[in-house]
Every structure is written in structure tokens, then in C-alpha cells.
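> Once you've had a glance at the structure underneath, I'll fire off some questions.
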Amino acid sequence: MSFEPCRTSGVSLRLPAAATAVVALVLAALAFSPAALAEPVRTVEPIVVATIPHDVGAYSEGLVADGAALYEATGEFGRSQLRQVDPNTGAVIRSADLPPAYFGEGIAVVGDRIVQLLYQNDVALEWDESTLTLIREVPAKQGWGLCYDGSRLISSDGSGQLYFHDVNTLAQTSSIAVTRDGQPTTGLNELECVDGQVWAASWPNDEFVRIDPATGAVNTVLDVSSLWRFGTRDARQVISSIARIDGDEFLITGKEWPASFRVRVPA
């Protein structure tokens, strides 16, 4: 068997030619792997249009706009509410308490209903939008974020997966793994469906990521770290909620934040 020389730190080593070929193949595979070929995803920062008061006691779990109406879900056992909030003043217009054993999570408007996920409860809630009256409970696994893309519901659960659901039964129909720069991601939280894309809070970071639900690839990162400007920040006060208001304008807030921000997101 023939041997080929290999020099490391001035010491001459000899490897079998077959082993040398294997090493070369491995290095070539790494060089052309999806992660190596992926270009870094672009990062943008929001342009603040307005600062709006936000209930500092609201452990915000999601926002969704339906025309001029803005809804917010708040969490924690014994404190969870579904609220309609004035998007210009932050004032709570009306609210409905969840049962004390339920921890409210993400919400989505579907027709005349508001669908809501729960944390650590294997049901979802359906509310009448006009009255904020609970219509029914639907068997569903726990979730964090929820949005409606016009034909299906899309959810997250803090992992690196997006889940797709039948809009009527909430049965899961499929799922997709989300990647960023070719690498698996995790911590997907509150969701907002916009023009065929999905914005997701990237818990516990001060970021939202925009995901192509057809491929699972993150194509934009929204760095919102500049929005916190209220002094000392508690570990609970993570960025959490986003709702598209109009065009490129969004409303963003966090858990127990004293303000929400109406921002423009660069195209």
C-alpha cells in the first residue's frame, strides 16, 4: 500500500492514500454544505413613527389588527385576558377574562372569530369578535404564536418549527423546520402573517424574523433592541408582540412594557 506525506507543525506524517482521499471528500462536503453556502440574512432596524402608552401590567402574548380594531392577548394563570385596545392611545376598550386555569397565548382573527392558543392546556379558544364572548373550546396542542394567512392557521410553540392547521378544526396538517443562515433556529414565539410571509418574535432576543413558510428560511431579521428606553429592564420584559397596522407600519410591544411602538419596517 502506498503512503502520502502529510506535514503538521513541522512533523512529517504519512497517511494512506485512501485516508487522504476520504479527508478531502469530507472537507469538500463541508465547503459546499447549505450552511457554508448560505449568505447571512439581512438585518434591518425599525423606524419609530409613534410611541403609545401600554399597560405595564399586561404580560403581552400577542397582537392582531382587524381593520381599525386592535386586539391583545395577555398571559399568566389567573390573569390572562383578551382585550380590545385603542391603537392610538393604548387604552383598553373592553376585555374578557380567561378561566383562571388557562394561560393565554397567541391570537388570530378568522372572519368573525378570534382564535386563541393556550400554554400548557391542550385546547384552543374561539371567541366571538363582536362581543368577546367565548364560543367554544377546540382540542389543540399548546402553542405560543398564531396567525392566519387567509387560508390556514400557522402556529409556533417556542421550538424551531412552524405548524400549519385547518382553519375550522385546528387539526395540524403539516409543519416545517425554520432555518437562519442555513442553520436550525429555535425560540419562535408570537407570529404575524403578512403578504405570504410570517414574522416571528425570536425569543428571548430583541428580534423578529421574517420567514418564508414555503421553505422555512428566514429572509429578514428586524433588530428592535433600540426600542427599550425605560431604564432597568426586568428579565420578564422580553419583546413579544407584533401586528401589522397598515402597509409597512407595525405595532410592536413587549411583556409588561410601558409603551408600544408604531414603526415602519424598511422594505
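> Among what's in the range 119-156 and is closer than 21 Å to Arg244 by Cα and without any contact (Cβ under 8 Å) to a residue 24 or more places away in the chain, pick the residue that is surrounded by the most Cβ atoms within 10 Å (Cβ to Cβ).
Filtering first and then ranking leaves Arg152.
> Only one residue in Asn205, Asn219 is part of a strand (DSSP E or B), out of contact with any helix residue (DSSP H, G or I) (no Cβ under 8 Å at 6 or more places or on another chain) and closer than 18 Å to Thr43 by Cβ. Which one?
Exactly one residue qualifies, and that residue is Asn219.
> Keeping to the range 97-115, report how many residues are more than 19 Å from the chain's Cα centre (by Cα), more than 22 Å from Thr169 (Cβ to Cβ) and either part of a strand (DSSP E or B) or among the polar types (S, T, N, Q) (or both).
1
> Additional query: Quick one: is Pro53 in contact with a Gly (Cβ under 7 Å, 6 or more places away or on another chain) and farther than 19 Å from Ile252 by Cβ?
It is false that Pro53 is in contact with a Gly (Cβ under 7 Å, 6 or more places away or on another chain) and farther than 19 Å from Ile252 by Cβ.
> Just to check your reading of the model, which residue among Val178, Val167, Val110 is in contact (Cβ under 8 Å) with a residue 24 or more places away in the chain and crowded, with 21+ Cβ neighbours inside 10 Å?
None of the other options fit; the residue is Val178.
> Could you please find all residues in the range 65-83 being open to solvent by 30 Å² or more (accessible area, probe 1.4 Å), over 20 Å from the mean Cα position of the chain (by Cα) and either closer than 22 Å to Val194 by Cβ or touching a residue at least 60 places away in the same chain (Cβ under 8 Å) (or both)?
Gly67, Ala68
This table checks each residue for (1) β-branched (Val, Ile, Thr); (2) in contact with a strand residue (DSSP E or B) (Cβ under 9 Å, 6 or more places away or on another chain); (3) open to solvent by 10 Å² or more (accessible area, probe 1.4 Å).
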| position | (1), (2), (3) |
| --- | --- |
| Leu191 | no, yes, no |
| Gly196 | no, no, yes |
| Glu207 | no, yes, yes |
| Ala214 | no, yes, yes |
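> Being crowded, with 18+ Cβ neighbours inside 10 Å and of a type in the set (D, E, K, R) is the filter here, so list the residues in the range 43-61 that pass it.
Result: Asp55, Glu61.
> Is there any pair linking a residue in the range 222-238 that is touching a residue at least 60 places away in the same chain (Cβ under 8 Å) and of a type in the set (D, E, K, R) to one that is part of a loop (DSSP other than H, G, I, E, B) and loosely packed, with under 14 Cβ neighbours inside 10 Å, with Cβ under 8 Å and at least six apart or on different chains, and which?
Cβ pairs passing all conditions: none.
> Consider only pairs whose beta carbons are under 6 Å apart and that are at least six residues apart or on different chains; among these, list those whose first residue lies in the range 200-220 and is closer than 14 Å to Ser156 by Cα and touching a residue at least 24 places away in the same chain (Cβ under 8 Å) and whose second residue is in a strand (DSSP E or B) and among the acidic types (Asp, Glu).
Ala201/Glu190
> Moving to a separate point now. Name the pairs whose Cβ atoms lie under 9 Å apart, with the first residue in the range 47-64 and free of Cβ contacts under 8 Å to residues at least 60 places away in the same chain and under 14 Å from Val85 (Cβ atoms), the second of a type in the set (D, E, K, R) and in a strand (DSSP E or B), and 6 or more positions between them or separate chains?
Hits for this filter: Asp55/Glu72; Asp55/Arg83.
The values are calculated or read from the model by the stated rules, or taken from the named source; none is laboratory data. Computed from a predicted model, the values in this text were never measured in an experiment. As a convention, Cβ positions derive from the backbone with ideal geometry for all residues, glycine included, and neighbour counts pool all protein chains shown. Calculation scope for accessible area: heavy atoms of the full protein, side chains included, ligands and nucleic acids excluded. Shrake-Rupley method; radii C 1.70, N 1.55, O 1.52, S 1.80 Å.
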